[in-house]
Protein chains: 2
Amino acid sequence: MNSDFHVKPEIRILGIDDSALLNEKVMIIGTVFRGGDWIDGVLRSEITRDGLDATETMITMIKNSRHYGQLRIIMLDGITYGGFNVVDIEELYRETGLPVIVVMRSYPDFEKIRSALRHFSDGEERWNIIKKAGKIEKLFTGRNEASIYIQKTGIGAKSAEKIIRLTSIRSSIPEPLRVAHLIATGIILGESRGRA
Amino acid sequence: MNSDFHVKPEIRILGIDDSALLNEKVMIIGTVFRGGDWIDGVLRSEITRDGLDATETMITMIKNSRHYGQLRIIMLDGITYGGFNVVDIEELYRETGLPVIVVMRSYPDFEKIRSALRHFSDGEERWNIIKKAGKIEKLFTGRNEASIYIQKTGIGAKSAEKIIRLTSIRSSIPEPLRVAHLIATGIILGESRGRA
């Protein structure tokens, strides 16, 4: 499960971000990168706001992609997409065979999340998915030694850190996620908004 | 009009491509690049299929962008967008103050275009816009010495060639256009399709 492996500079990475919560359906964007350098493809799919279909939608989007055979890793921007549509990263890993790195700008406020989940009839199921995403580790990226937080499955700590450093070349956020964010906000709002 | 200027490696370029013709409204995507390296922003707007609103829509999209003050050049993928919605590159240059480089993979088939325009009541107006886009020049890019064709306004031949070479690092097509194409096709079709 926590194996380290050789990280090639052009390792194919899929970064997934979601768009603003304007409708019942929320667009998710996947960017296929070679390392931190070069965007090779763009994927688009839709999940339900506050639904529980993010994991399955991502699995389908990835397995249907012509890039699937070349992908080596999935990067997520946190594990809640489209509101509280939580991603089961163990299932994502198991079904795609691709290790998952979850990147977070700050340590999640679990009190707040748990409290919000009380409004959902299946709040306990969502909370269990969040809990089993595992340990949150702090990581200092190459860029200004800014710190981010990560969770991971299917990949060792050393390989995960290597991949984060390889791809965080423009900001403290890895390129596949930075660019997925630019595309998702640009498409929905007419112009991208930065946070990276 | 045909001035050459110093081309910085991180010159801000806006590349614009359109999406597939699936509906009456056709999405156009702008990518803001620093040279050929780094995507800084994504713009999105809509034009009418076979309409005559591409020029005005692009002018509005560009002037409303928070990147406007930093942009130095516009790159187009041919001058017909969304079917036969022709772009008046002189007007685009005049209204935005930004020089325009039009990139084409092959020499346009003017016979075919003129023939198709006969089906439009304002075909003569569209033909005039196409004619005044000016001379088409062949250019060999750095990449495998593949040849492309360009038209330009507001920029000299040397500067235009420098910018094309600076940005054609992954294929014979400049990065701002290659990536705008990936985004436009990815969003509309669910997965990007390459031609670059």
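The values are calculated or read from the model by the stated rules, or taken from the named source; none is laboratory data. All values derive from a computational prediction rather than experimental measurement. Ideal geometry is used to build each Cβ from the backbone, glycine not excepted, and the neighbour counts take in all protein chains shown.
If residue B:102 meets every condition in (1) farther than 18 Å from residue B:71 by Cα; (2) of a type in the set (A, V, I, L, M); (3) assigned to a strand (DSSP E or B) apart from one, which number is that one?
Going through the list (1) farther than 18 Å from residue B:71 by Cα; (2) of a type in the set (A, V, I, L, M); (3) assigned to a strand (DSSP E or B), residue B:102 breaks only (1).
For segment A:167-196, which positions are over 16 Å from the mean Cα position of the chain (by Cα) and crowded, with 17+ Cβ neighbours inside 10 Å?
Matches in segment A:167-196: A:169, A:170, A:186, A:187, A:188, A:191, A:192.
Would you mind stating whether residue A:66 is within 28 Å of residue B:34 (Cβ to Cβ) and within 11 Å of chain B (Cβ to nearest Cβ)?
no
Restricting segment B:116-133 to residues that are in a loop (DSSP other than H, G, I, E, B) and without any contact (Cβ under 8 Å) to a residue 40 or more places away in the chain, which is surrounded by the fewest Cβ atoms within 10 Å (Cβ to Cβ)? Talk me through it step by step, then tell me what you get.
Residues of segment B:116-133 in a loop (DSSP other than H, G, I, E, B): B:118-122, B:132-133.
Remaining after also requiring without any contact (Cβ under 8 Å) to a residue 40 or more places away in the chain: B:118-119, B:121.
Values: B:118: 9, B:119: 9, B:121: 6.
Ranking the qualifying residues of segment B:116-133, first place goes to B:121.
With the checklist (1) outside any loop (DSSP other than H, G, I, E, B); (2) closer than 30 Å to residue B:189 by Cα; (3) basic (Lys, Arg) in hand, flag the one item residue A:112 doesn't pass.
(2)
Just the residues that are in contact with a helix residue (DSSP H, G or I) (Cβ under 7 Å, 6 or more places away or on another chain) and either part of a loop (DSSP other than H, G, I, E, B) or away from chain B (no Cβ under 13 Å) (or both), please, taken from segment A:23-36.
A:35, A:36
Residues checked against (1) under 30 Å from residue B:28 (Cβ atoms); (2) within 14 Å of chain B (Cβ to nearest Cβ); (3) not polar (S, T, N, Q):
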{"residue": "A:120", "(1), (2), (3)": "no, no, yes"}
{"residue": "A:138", "(1), (2), (3)": "no, no, yes"}
{"residue": "A:144", "(1), (2), (3)": "no, no, no"}
{"residue": "A:182", "(1), (2), (3)": "yes, yes, yes"}
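From B:74, B:39, which residue is within 14 Å of another protein chain (Cβ to nearest Cβ), aliphatic (A, V, I, L, M), in contact (Cβ under 8 Å) with a residue 60 or more places away in the chain and in a strand (DSSP E or B)? Step through it out loud before you land on a result.
Numbers: B:74 fails: within 14 Å of another protein chain (Cβ to nearest Cβ).
Selected residue: B:39, the only one of B:74, B:39 that is within 14 Å of another protein chain (Cβ to nearest Cβ), aliphatic (A, V, I, L, M), in contact (Cβ under 8 Å) with a residue 60 or more places away in the chain and in a strand (DSSP E or B).
Just checking, how many residues over segment B:1-22 are modelled with pLDDT of 90 or more, over 14 Å from the mean Cα position of the chain (by Cα), outside any strand (DSSP E or B) and not aliphatic (A, V, I, L, M)?
Counting residues in segment B:1-22 that are modelled with pLDDT of 90 or more, over 14 Å from the mean Cα position of the chain (by Cα), outside any strand (DSSP E or B) and not aliphatic (A, V, I, L, M) gives 3.
For residue A:30, only one of the following conditions fails: (1) without any contact (Cβ under 8 Å) to a residue 40 or more places away in the chain; (2) touching a strand residue (DSSP E or B) at 6+ places or on another chain (Cβ under 7 Å); (3) not aliphatic (A, V, I, L, M). What is its number?
In the conditions (1) without any contact (Cβ under 8 Å) to a residue 40 or more places away in the chain; (2) touching a strand residue (DSSP E or B) at 6+ places or on another chain (Cβ under 7 Å); (3) not aliphatic (A, V, I, L, M), residue A:30 misses (1) alone.
Looking at residue A:66, is it outside any helix (DSSP H, G or I) and surrounded by 19 or more Cβ atoms within 10 Å (Cβ to Cβ)?
no
Say we look at segment A:42-63 and pick out the residues that are closer than 20 Å to residue A:185 by Cα and in a loop (DSSP other than H, G, I, E, B); which of these is farthest from the other protein chains (Cβ to nearest Cβ)?
Applying the first criterion (closer than 20 Å to residue A:185 by Cα) to segment A:42-63 yields A:42-50, A:54, A:57-58, A:61.
Subsequent filtering for residues that are in a loop (DSSP other than H, G, I, E, B) retains A:49-50.
Details: A:49: 19, A:50: 23 Å.
Residue satisfying both the conditions and the ranking: A:50.
Are any residues in segment A:143-164 in a helix (DSSP H, G or I) and either in contact with a Leu (Cβ under 7 Å, 6 or more places away or on another chain) or over 25 Å from residue A:109 (Cα atoms) (or both), and if so, which ones? Write out each step before concluding.
Our first condition is that a residue be in a helix (DSSP H, G or I); within segment A:143-164, this holds for A:157-164.
The answer is A:158, A:159, A:161, A:162, A:163, A:164.
Name the single residue, out of those in segment B:71-89 being in contact with a strand residue (DSSP E or B) (Cβ under 6 Å, 6 or more places away or on another chain) and charged (D, E, K, R), that is surrounded by the most Cβ atoms within 10 Å (Cβ to Cβ).
Among them, the one singled out is B:77.
Say whether the condition of being β-branched (Val, Ile, Thr) and closer than 18 Å to residue B:58 by Cβ is met by at least one residue in segment B:158-175.
No, that holds for no residue.
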